[in-house]
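Below is one structure, written out as structure tokens; the observations come after it.
The values are calculated or read from the model by the stated rules, or taken from the named source; none is laboratory data. Quick caveat: nothing in here was measured; it's all calculated off a predicted structure. Methodologically, a virtual Cβ is constructed for each residue, glycine included, from the backbone with ideal geometry; neighbour enumeration extends over all protein chains shown. Protein only, heavy atoms only, side chains kept; ligands, DNA and RNA dropped before computing areas. Shrake-Rupley method; radii C 1.70, N 1.55, O 1.52, S 1.80 Å.
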Amino acid sequence: MKNKILVLGSGFVSRPGVTYLLDQENLNVTVASLELSVAEKLVKGYKNGVACYVDVQDEEALEKLIVANDIVISLLPWIFHIKVAKLCLKHNKDMATTSYVSPEMRELDAEARAKNLLFLNEMGVDPGIDHMSAMNIIDHVHEEGGKIVHFYSYCGGLPAPDDNDNPFGYKFSWSPRGVVLASRNSARFLENGAIKEIVGKDLFLCVRSEVVDGVGELEVYPNRDSVSYKDIYGIQEAETVMRGTYRYPGWCETFKKLVDLGLVDDTPKEGLKGITFKKMMSKIAGVAEGDDVKGKIAAKVGLETDSPVIGRMEWLGLFSGDIVPDQNNYLDILSLQLQRKLFYKDGEKDMIVLQHKFTIENKDNTKDLITSTLIDYGVPHGDTSMARTVSFPLAIGVKLMSEGKIALRGVQIPREKE
């Protein structure tokens with residue numbers, strides 16, 4: 001049995017999964033983090049838990065930790081996964097993450113197989129639970145001789161309706177910078193036999209409305225490359241394959257205008273240090289600070305000054321006399337300001353909404369609609385739904401790995417029955 005588990009990182013989503021692993025008395029869990037006090041809090045009270053400091057830039061220290069353990073969980077920012085994976089290959093250690101498989105990770109597949117190792121990725125909620133719940137239905141349909149005709153899969157992490165109390169309809173349960181960066185992604189999907197490609201700057205123009213029972217009306221915009229899931233999920237027969245992200249109404253229109261203004265650009269700029277938001281927006285509008293900055297910004301993006309989108313920008317403080325965060329680019333300034341304003345207050349709940357919709361053709365040529373829905377809420381004064389739905393599947397997967405119950409090898413995602 002592989003019973004020595006190393007958890008790298010102690011961020012937003014780590015606690016539920018770490019606690020699950022610590023509750024397995026036959027596992028020994030080391031939590032290594034830049035924030036030692038946070039790691040110590042995670043393992044407090046557990047005899048089988050150890051906390052330690054690590055800076056992943058210190059490769060020698062990182063390597064020592066990996067050598068001393070059997071399975072390595074990387075909850076680090078995705079940019080560090082390859083460094084960890086290569087050390088796992090060097091020292092014959094299995095690995096698990098919640099992140100999308102990058103091309104660089106995919107390139108390690110053959111070597112991991114040759115060394116009889118499993119690198120299990122995408123073990124969160126989206127990606128993760130979405131794969132498993134979709135494949136559960138797809139496998140059943142295929143076993144019954146049916147075909148998948150149309151497949152839509154949408155997921156979002158949002159404030160619970162009772163705690164949705166700001167104009168953006170959003171609060172952060174994970175990295176604000178990650179959310180803003182995702183607003184620049186291009187997307188492609190297949191619908192009614194035609195491939196549709198969306199460039200990043202137009203992502204929020206491709207928006208549609210969905211009503212989810214128990215939640216109400218939500219917006220959906222496409223998520224990355226959905227076309228590849230024909231092969232990933234084994235549904236080559238499908239005429240539609242679309243994965244998307246849920247938001248409350250108004251998000252897409254607002255973020256489209258923030259994109260148009262260049263506020264998701266991380267190119268370093270001169271003259272941002274110590275200025276006010278109003279001054280920053282006047283620079284973007286190309287007018288003097290004393291002019292009608294709000295009106296000029298509205299005109300620049302083709303809106304009336306009293307539009308809800310401009311109202312959201314004003315609520316965010318973008319026209320205020322407050323000093324901008326000490327950053328040298330618009331994206332990081334926006335991310336930090338969003339984090340300042342869009343946060344969960346003590347006792348508030350977040351919500352995960354995940355829904356698949358399948359149109360299937362049965363072997364007798366009749367058609368059916370299958371809808372599969374997950375709605376989960378955070379625990380007031382406890383763990384967020386985001387933390388639970390991301391780190392529980394990861395921890396359960398690692399427990400199965402430790403027990404030798406997953407025979408798969410190489411770079412994998414959770415799409416197989418085992």
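Computed values, structure above
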item: Only listed residue being basic (Lys, Arg) and in contact with a Ser or Thr (Cβ under 7 Å, 6 or more places away or on another chain), chosen from ARG188, ARG184; result: ARG188
item: Residue check, HIS142 out of contact with any Phe, Trp or Tyr (no Cβ under 9 Å at 6 or more places or on another chain) and modelled with pLDDT of 95 or more; result: yes
item: Members of segment 317-344 that are part of a loop (DSSP other than H, G, I, E, B) and more than 21 Å from the chain's Cα centre (by Cα); result: GLY317, LEU318, PHE319, SER320, GLY321, ASP322, VAL324, PRO325, ASP326, GLN327, ASN328, ASN329
item: Count of segment 149-158 residues which are buried (at least 23 other Cβ atoms within 10 Å of the Cβ) and either hydroxyl-bearing (Ser, Thr, Tyr) or closer than 23 Å to PRO308 by Cα (or both); result: 5
item: Odd one out for LYS363 among (1) surrounded by 14 or more Cβ atoms within 10 Å (Cβ to Cβ); (2) in contact (Cβ under 8 Å) with a residue 12 or more places away in the chain; result: (1)
item: Candidates ASP231, ASP260, filtered to the one that is open to solvent by 20 Å² or more (accessible area, probe 1.4 Å) and touching a residue at least 40 places away in the same chain (Cβ under 8 Å); result: ASP260
item: When residues of segment 302-326 are limited to those that are aliphatic (A, V, I, L, M) and under 21 Å from ILE275 (Cβ atoms), the one surrounded by the fewest Cβ atoms within 10 Å (Cβ to Cβ); result: ILE323
item: Sole residue being under 20 Å from TRP315 (Cβ atoms), open to solvent by less than 10 Å² (accessible area, probe 1.4 Å) and modelled with pLDDT of 95 or more, chosen from THR254, THR240; result: THR254
item: Count of residues meeting criterion [in contact with a strand residue (DSSP E or B) (Cβ under 6 Å, 6 or more places away or on another chain) and part of a helix (DSSP H, G or I)] in segment 363-393; result: 5
item: Segment 366-386, residues that are among the charged types (D, E, K, R) and open to solvent by 60 Å² or more (accessible area, probe 1.4 Å); result: LYS367, ASP368
item: Within segment 200-228, considering residues that are under 14 Å from CYS252 (Cβ atoms) and of a type in the set (Val, Ile, Thr), the one surrounded by the fewest Cβ atoms within 10 Å (Cβ to Cβ); result: VAL207
item: Residue check for ASN365: farther than 30 Å from LEU21 by Cβ and over 29 Å from the mean Cα position of the chain (by Cα); result: yes
item: Residue in segment 55-75 that is loosely packed, with under 15 Cβ neighbours inside 10 Å, under 20 Å from the mean Cα position of the chain (by Cα) and not basic (Lys, Arg) present; result: no
item: Evaluation of HIS356 against (1) of a type outside the set (A, V, I, L, M); (2) within 24 Å of ALA182 (Cα to Cα); (3) part of a helix (DSSP H, G or I) (one fails), failing number; result: (3)
item: Residue check, THR389 within 30 Å of VAL149 (Cβ to Cβ), open to solvent by 50 Å² or more (accessible area, probe 1.4 Å) and touching a residue at least 40 places away in the same chain (Cβ under 8 Å); result: no
item: Neighbours by Cβ (under 7 Å, 6+ apart or cross-chain): first from segment 134-159, within 24 Å of VAL211 (Cα to Cα); second among the polar types (S, T, N, Q) and in a loop (DSSP other than H, G, I, E, B); result: GLY157/SER173
item: Subset tally (residues that are in a loop (DSSP other than H, G, I, E, B) and open to solvent by 70 Å² or more (accessible area, probe 1.4 Å)) for segment 272-288; result: 1
item: Residues located in segment 169-187, provided they are over 12 Å from LEU338 (Cα atoms), buried (at least 19 other Cβ atoms within 10 Å of the Cβ) and of a type in the set (A, V, I, L, M, F, W, C); result: ALA187
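Each row is one residue, and each column tells you yes or no for (1) of a type outside the set (Asp, Glu); (2) free of Cβ contacts under 8 Å to residues at least 40 places away in the same chain; (3) buried (at least 19 other Cβ atoms within 10 Å of the Cβ).
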| residue | (1), (2), (3) |
| --- | --- |
| PHE12 | yes, no, no |
| VAL18 | yes, no, yes |
| GLU25 | no, yes, no |
| SER37 | yes, yes, no |
| LYS44 | yes, yes, no |
| LYS47 | yes, yes, no |
| CYS52 | yes, yes, no |
